[in-house]
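**Q** Take a look at the following structure, please.
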Amino acid sequence: MRILICNDDGIEAPGLSRLVNAASGLSNDVWVVAPDGKRTAAGSSLTIARSLTMQRIKTNWYSCSGTPADCVVSAMTWLFAREAKPDLVLAGVNDGRNVAEDIAYSGTLGIAREASFWGAPAIGFSRVKNPEFSDGDDQWLGALIGSLWQSRADWAREGHWLSVNLPTVLPAEIRQPRIGRDKIGRKAEIVETDGDRTVITVPRGRAHASEPGDENEAIDAGFVSINRLNWFGETRLQDRFLDGIRP
């Protein structure tokens, strides 16, 4: 089984190494393509008609000057252009949970979304900040990946992928919570003002809002949360609505 692993925290992120360790127990054909620096909240953006620099770090490891989704595209179009495409794409482990509106913003989930366009089963992994790591975490995560791979016929439909959030302590029971609301980027801070020119920054962080049954509640209670997502997200309009439109 060929596994491709990407992330949005960068090629040197600890979570990437942990995911590689976990996946290496399932396959000896594991490849890494990750950004050359942190690309938080890059979403699904791509670099089109501009150069990307791919740097070989070591055997089967490459850094990419682009976005997290660029890492998938560069792997599919360049690295595996004349070889078998990956059987499974893994993203993460992200430094921090990906919940609520992060579904749209997250570079980790942008990787999984892009992989779904190529027909590859994909799983995005995120974990709360400052987890209590133990020696068995990687082994447990590898067993989870193996179980999800074996059951892929039940979840890997076209255009779908999985988002997995890991709590502070592993192992943990698994839940499927509903998607909540906990938006990042709710305020701006003024850095500098000079006449008509103003420099602002949108700080990191969120309210950590939680409601009964949502992902934050499940994660804070010590559960692993798993949600199946899709890229199309269509909600069809009723015919009578269309019939009532008169330009």
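Read-outs throughout are calculated quantities, based only on the coordinates presented, and are distinct from any laboratory measurement. Note that the structure is a prediction, hence the values are computed from the model and not measured. Note: ideal-geometry Cβ built from the backbone for every residue, glycine included; neighbour counts use all protein chains shown.
**Q** Taking +1 at the Cβ of each Lys and Arg and -1 at the Cβ of each Asp and Glu, which of SER27, VAL164, TYR62 sits farthest along the dipole of the stretch 24-178 towards its positive end, judged by Cα position relative to the Cα centre?
**A** The Cα lying farthest towards the positive end belongs to TYR62.
**Q** Enumerate by residue number the trypsin sites (Lys or Arg not before Pro) in the stretch 179-247 meeting two conditions: DSSP loop (anything except H, G, I, E, B), and at most 13 other Cβ atoms within 10 Å of the site's Cβ.
**A** ARG181, LYS183, ARG186, LYS187, ARG204, ARG236
**Q** Then there's this: Could you check the simple spin-label distance between GLU192 and ASN28, using points 7 Å along Cα→Cβ, in nm with one decimal?
**A** Distance between label points: 5.5 nm.
**Q** Okay, next question. Mind counting lysine pairs for me in the chain? Cα separation below 24 Å, and the two need to be 8 or more apart along the chain or on different chains.
**A** For the chain, qualifying lysine pairs total 7.
**Q** Hey, any idea what the orientation-averaged projected area of the convex hull of the stretch 1-105's Cα atoms comes to, in nm²?
**A** 6.6
**Q** When the Debye formula is applied to the Cα atoms of the chain, each taken as the same point scatterer, what base-10 log of I(q)/I(0) results at q = 0.09, 0.15 Å⁻¹?
**A** -0.42, -1.03
**Q** Work out from phi, with θ = phi - 60° and the Karplus expression 6.51 cos²θ - 1.76 cosθ + 1.60, the ³J(HN,Hα) of each residue of the stretch 194-206, listed in order in whole Hz, and give x for Gly and Pro.
**A** 8, x, 7, 9, 10, 9, 10, 9, 9, x, 6, x, 8
**Q** Moving to a separate point now. Tell me, what ³J(HN,Hα) does each residue in the stretch 14-19 have, in order and in whole Hz, if you take phi through Karplus 6.51 cos²θ - 1.76 cosθ + 1.60 with θ = phi - 60° and put x for Gly and Pro?
**A** Using θ = phi - 60°, the values come out as x, x, 5, 4, 5, 5 Hz.
**Q** Okay, moving on. Please identify which residues in the stretch 67-91 have an amide N closer than 18 Å to a label point set 7 Å out from the Cα of ILE48, following the Cα→Cβ vector.
**A** 67-78
**Q** I would also like to ask the following. Tabulate in residue order the Karplus-calculated ³J(HN,Hα) for the stretch 22-35, using 6.51 cos²θ - 1.76 cosθ + 1.60 with θ = phi - 60°, rounded to whole Hz; enter x for Gly and Pro.
**A** 3J(HN,Hα) across the stretch 22-35, in whole Hz: 5, 6, 5, x, 9, 7, 9, 10, 9, 10, 10, 10, 9, x.
**Q** What's the extension gain from TRP231 to ARG246 if we count 0.36 nm per residue and subtract their Cα-Cα distance?
**A** 2.3 nm
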